[in-house]
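The block underneath contains the structure these notes are about, expressed in structure tokens.
We did not get these values from a lab; they are worked out from the coordinates using the rules stated. Owing to the predicted nature of the structure, the values given are computational and were not obtained by experimental measurement. Note that each Cβ is placed from the backbone with ideal geometry, even for glycine, and that neighbours are counted across all protein chains shown.
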Ligand SMILES: [Cu+2]
């Protein structure tokens, strides 16, 4: 999955540059490398890759990430309309990674994020009580140097 996301990266470069408000000077293309990650937060309270398989996410420490999530309602949701959460924790002490405490709405949404600076194991957890299987809604993320 990571490989496929990397291929999509090049299609995203100009979009990302425009979104960041960077203007190429004198015809020079200023490339911003963005790692596109696609995840489904599904109605059975599981994170999946777009093909329905288990998501395997590897990030480079400190890289720019465009997280594209498609969320589908499970049995219950928050009063504010959030149907799942997407919160990144350090595996070793379960502390939250700043900027990665996300709430998901139904449908597709995108987040511009920065990968953790420290390599290691991380875990994404759902913070919305989305069903009786909510506690099992998590996935590993590996951050490499
Ligand atoms: Cu959930």
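Per-residue Cβ neighbour counts within 10 Å put 94, 72 in the sequence 94, 72, beginning with the fewest.
Rounded, prolate or oblate, given the Cα gyration tensor of the range 85-143, with a/c below 1.5 counting as rounded? Taking the square roots of the gyration eigenvalues as a ≥ b ≥ c, the range 85-143 is oblate. Here r is the Cβ-Cβ distance between residue 80 and residue 144 and R0 is 25 Å; the resulting FRET efficiency, rounded to 0.05, is 0.10. Reported to the nearest whole Å, the Cα centre-to-centre distance from the range 103-145 to the range 88-102 is 9.
Each eigenvalue of the Cα gyration tensor of the range 21-129, multiplied by 5 and square-rooted, gives one semi-axis; in descending order these are 27, 18, 13 Å. Modelled label positions at residue 72 and residue 56, each set 7 Å beyond Cα in the direction of Cβ, lie 2.3 nm from each other. Taking other C-beta atoms within 10 angstrom as a stand-in for reagent exposure, 111, 86 fall in the order 111, 86, fewest first. Between residue 108 and residue 94, the simple label model (points 7 Å from Cα in the Cβ direction) yields a spacing of 3.5 nm.
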